[in-house]
Amino acid sequence: MSVENNEKKLGLGSVVSISVGLVIATSCLVSLGQGAGTIGVVFIFAMIIACLLNMTTVASLSELNALMPNTTGGLAQYTLACMGPFPTLISMVGGYLICNMLSCGVEASIFSYAMSESFSSILPLPSIGYTLIMTIIVMIANLYGVDMFAKIQDLVAFLLVGSMLVLGIIGALRLGTGNVVEQPLSMAMNFNDIASMTAVAFWLFIGAEYVIPVSKNVKNAKRNVPLGMMIGLILICIVQSIMVFGFHNYIAWDELKDSAAPHLLYGMNLLGTGGKIWMTLVAALAVISTQNSTVNGLASICQGMAKMNMMPRIFAKTNKHGVPYFGVVFVSVMIFVFAALSNGSSEAISFLILVGSVFWMISYILAHIDVLILRKRLPKAPRSFKVPCGPLFPLIGIAGTAYMILNISTDAAERNAIWLLTGVTFLILAVYSFFWIKYKMRMPVFKSVPMEKVMAMENSMYYEIRKRRGIWR
């Protein structure tokens, strides 16, 4: 590889910033407030459990990436090689595309609400106008390629984590200008109360695996990809734990639990109007970071799926910067559409977060299953990274994630509504996937595809040859 190409590769710092970029979002600050407001500072223990479970997923995805490097579709290609196109298409369209665009759109609507609340006198725009401006800027930046994406991500992640750390330390050490609240550290009666909150805490660590689709652009990927994701998760756990202590000192637990924007409430209680504006800027950085990671990651995933004929071919086309431009534009537009639809309805964020969590958890379970299948089929295949202790950690990941799905909410009515919405969505996707695979891809619906064939799909000629032979339409 030439020095010039190597300079354009992403280093460990960029891997960490991408991992942090999607994980720390405005909705995470909401979940953090709700979790801490429900059981107190001991919510940190639920966070640690959730963080460790996500580390098992990161480890499994790193092993899959080591077996099938440079795959733009990531989990889609791993699952195709293990379980066939049917579960792949359902899990990727539902667990990644719809879930991410919906949650990112809701994130953007909360951002626009916060911006209009704090800056309406300075910049009198309709709230959705802030979202439109940000969406256009992020979209254009991503169309210029991975180098511009990384520069934005590194800067935003640094400012975001730095601001959260400083605000958390000010609150934890009681250095704020606001009144200190005297209240108990814990409201949990037993360990079951903590365990029941792991599903809420899980959302705080979702998304570190967005590094995988860009791993081909990472220097020394076999080391930096798994290490960067692990560092990102640990960093997030530490920073958000400090924030919980800050919440304890400056917001009454009941008030924190019921707040739709606990980050703005914390900033106001901590440092007055200045703190509220600072927290608004932190929320803005979180949304820019999230949307930047989402647009880049989903466009790459769509590109990989298009190469497998799982999505329209236009998603695989690239511009002169090597960017799958249609995917970037499509994802950006859909995020804005979901933001417009959810504009002014931020009180529904908790429900949507939990629905999104279930979609994401199912895809994580598939990642662990993929590892176990390939361990069985290809026990001697070279792996530059392998999850230690045999099948132990993938099995722990499956069991822990399944537990969180079954206990996704402490409210029975909300839990049933989440399961119902998830079930209906997957049923619709199942019908769509069956007909697409059978009549568009012309492949056996439930038969796995050999790994070497999946990797061959990365070459654009694979699709052309299949199309010329009349196999793919």
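Answer yes or no: is there a residue in the range 419-441 that is touching a Cys at 6+ places or on another chain (Cβ under 7 Å) and polar (S, T, N, Q). I'd like the intermediate steps shown before the answer.
Looking only at the range 419-441, we keep the residues that are touching a Cys at 6+ places or on another chain (Cβ under 7 Å), and these are none.
Checked the range 419-441: no residue is touching a Cys at 6+ places or on another chain (Cβ under 7 Å) and polar (S, T, N, Q).
Name the residue, out of SER357, SER342, that is crowded, with 16+ Cβ neighbours inside 10 Å and either under 22 Å from MET55 (Cα atoms) or not hydroxyl-bearing (Ser, Thr, Tyr) (or both).
SER357
Conditions: (1) more than 21 Å from THR290 (Cα to Cα); (2) modelled with pLDDT under 85; (3) part of a helix (DSSP H, G or I); (4) among the aliphatic types (A, V, I, L, M). LEU125 meets all but one. Number of the miss?
For LEU125, the exception is condition (3).
Which pairs have Cβ atoms under 6 Å, sit 6 or more apart or on different chains, and link a residue in the range 274-285 that is under 9 Å from SER118 (Cβ atoms) to one that is surrounded by fewer than 22 Cβ atoms within 10 Å (Cβ to Cβ) and at pLDDT 85 or above?
Sorted first by the residue in the range 274-285, then by its partner, the pairs are LYS276/MET268.
If I ask for residues that are over 17 Å from the mean Cα position of the chain (by Cα), modelled with pLDDT of 85 or more and among the aliphatic types (A, V, I, L, M), which ones from the range 326-371 would you list?
If the condition is that a residue be over 17 Å from the mean Cα position of the chain (by Cα), modelled with pLDDT of 85 or more and among the aliphatic types (A, V, I, L, M), then VAL329, VAL333, VAL337, ILE369, VAL371 are the ones that fit.
The rows are residues; the columns are (1) among the aliphatic types (A, V, I, L, M); (2) modelled with pLDDT under 75.
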residue: SER109; (1), (2): no, no
residue: GLU117; (1), (2): no, yes
residue: ALA141; (1), (2): yes, no
residue: MET148; (1), (2): yes, yes
residue: LYS151; (1), (2): no, yes
residue: PHE158; (1), (2): no, no
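Which of the residues that make up the range 8-26 are out of contact with any strand residue (DSSP E or B) (no Cβ under 9 Å at 6 or more places or on another chain), more than 17 Å from SER163 (Cβ to Cβ) and either at pLDDT below 80 or surrounded by 24 or more Cβ atoms within 10 Å (Cβ to Cβ) (or both)?
LYS8, SER19, LEU22 - these are the residues of the range 8-26 that are out of contact with any strand residue (DSSP E or B) (no Cβ under 9 Å at 6 or more places or on another chain), more than 17 Å from SER163 (Cβ to Cβ) and either at pLDDT below 80 or surrounded by 24 or more Cβ atoms within 10 Å (Cβ to Cβ) (or both).
I'm trying to understand the selection: among the residues of the range 458-473, which are assigned to a loop (DSSP other than H, G, I, E, B), loosely packed, with under 12 Cβ neighbours inside 10 Å and not basic (Lys, Arg)?
The answer is ASN459, GLY470.
List the pairs whose first member sits in the range 383-394 and is within 15 Å of PRO226 (Cα to Cα) and hydroxyl-bearing (Ser, Thr, Tyr), whose second member is buried (at least 18 other Cβ atoms within 10 Å of the Cβ) and modelled with pLDDT under 95, and whose Cβ atoms are under 8 Å apart, counting only residues at least 6 apart or on separate chains?
Hits for this filter: SER384/ALA66.
Could you please find all residues in the range 431-459 being of a type outside the set (Val, Ile, Thr) and either farther than 20 Å from ILE301 by Cβ or in contact with a strand residue (DSSP E or B) (Cβ under 7 Å, 6 or more places away or on another chain) (or both)? Walk me through it before giving the result.
Step one: of the range 431-459, the residues of a type outside the set (Val, Ile, Thr) are 432-436, 438-444, 446-448, 450-453, 455-459.
Within the range 431-459, PHE434, PHE435, LYS438, TYR439, ARG442, PRO444, PHE446, LYS447, PRO450, GLU452 meet the criteria.
Considering only residues that are of a type in the set (Val, Ile, Thr) and in a helix (DSSP H, G or I), look in the range 32-59 and name the one that is surrounded by the fewest Cβ atoms within 10 Å (Cβ to Cβ).
ILE48
For the range 278-336, give me each residue that is assigned to a loop (DSSP other than H, G, I, E, B) and at negative phi. Please lay out each step first, then the result.
Filtering the range 278-336 for residues assigned to a loop (DSSP other than H, G, I, E, B) gives 308-312, 317-324.
Passing the criteria: MET308, MET310, MET311, PRO312, LYS317, THR318, ASN319, LYS320, HIS321, VAL323, PRO324.
Which ones in the range 265-302 are within 17 Å of VAL181 (Cβ to Cβ) and surrounded by 24 or more Cβ atoms within 10 Å (Cβ to Cβ)?
Of everything in the range 265-302, those that are within 17 Å of VAL181 (Cβ to Cβ) and surrounded by 24 or more Cβ atoms within 10 Å (Cβ to Cβ) turn out to be TYR266, GLY267, ASN269, LEU270.
Looking at the range 426-457, which of its residues are assigned to a loop (DSSP other than H, G, I, E, B) and surrounded by fewer than 18 Cβ atoms within 10 Å (Cβ to Cβ)?
Hits for the range 426-457 are ARG442, PRO444, VAL445, PHE446, LYS447, PRO450.
Residue check, ARG415 against (1) within 24 Å of PHE205 (Cα to Cα); (2) charged (D, E, K, R); (3) buried (at least 16 other Cβ atoms within 10 Å of the Cβ); (4) touching a helix residue (DSSP H, G or I) at 6+ places or on another chain (Cβ under 7 Å), all met but one. Which one?
The failed condition is (4).
The values are calculated or read from the model by the stated rules, or taken from the named source; none is laboratory data. Since this is a predicted model, take the numbers as computed values, not measurements. Positions of Cβ are generated from backbone atoms using ideal geometry, with glycine treated the same way; all protein chains shown enter the neighbour counts.
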